[in-house]
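Note sheet for the following structure.
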Amino acid sequence: MKSRYEVKLTEDEREILTGIVKRGKGPAYRIKHAHILLHADAGKEESEKRDDEIAGLLHCHSQTVFNIRKKYCEKGLTAVLERKQRESPPIPRKLDGDKEARLITIACSQPPEGYARWTLDLLADKMVELKIVDAISGKTLGRVLKKRVKTSPAAMLGYSPAAKR
């Protein structure tokens, strides 16, 4: 029985897949997917193989072969050879751009009475007190501020290496 999803590779695609297979470097799933597509190619001189034949050759399940054919026909070669990217991170960010800006504003302001400078824990307590966030640790704020210091020009932060000397 002929597969519903017929794979017809172009010369360029066949060359890319052959290169992946011959090189043998890279993730195992990518090499296996390249093998499956090369065996499933209907554009070759020899007849196209069935899913169960390809699965037997490559030691995988016939449903895997079917899924690869389907993905190639619907989404193209890059979708088959690359992993799907996450739409959102597994843990949502506690501070977005607006909250980060408010954190920097607080950090640049005068520290509380009795303190010479802001500590990360004092900043965390102030952020919770002002109801900017429900709860946050000083370590998280430290990572955010460190990221900002690395990406911001020194003039914008109000100090320069010459002023430290």
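Derivation of every value follows stated rules applied to the coordinates shown; laboratory data play no part. Fair warning: this is a prediction, and the values are worked out from it, not measured in the lab. Don't worry about glycine lacking a Cβ; one is built from the backbone with ideal geometry, like all the others, and counts go over all protein chains shown.
Just a few scattered comments:
- Net charge contributed by nearby residues that have their C-beta within less than 12 Å of K84 (K/R +1, D/E -1): +2
- Mean separation of Cα pairs under 8 Å and 6 or more residues apart, divided by the residue count, gives segment 97-157 a relative contact order of 26 percent.
- Binning all Cα-Cα separations of segment 11-81 at 5 Å, short to long from zero, yields these whole-percent fractions: 3, 18, 29, 28, 19, 3.
- Peptides 77-86, 97-106 ranked from most to least packed by the mean count of surrounding Cβ atoms within 10 Å: 97-106, 77-86.
- Inter-label distance, nm, simple model (7 Å from Cα along the C-beta direction), E11/A28: 3.6
- A cut-off of 5 Å between modelled amide H atoms, ignoring neighbours fewer than 5 places along the same chain, links V7 with A42.
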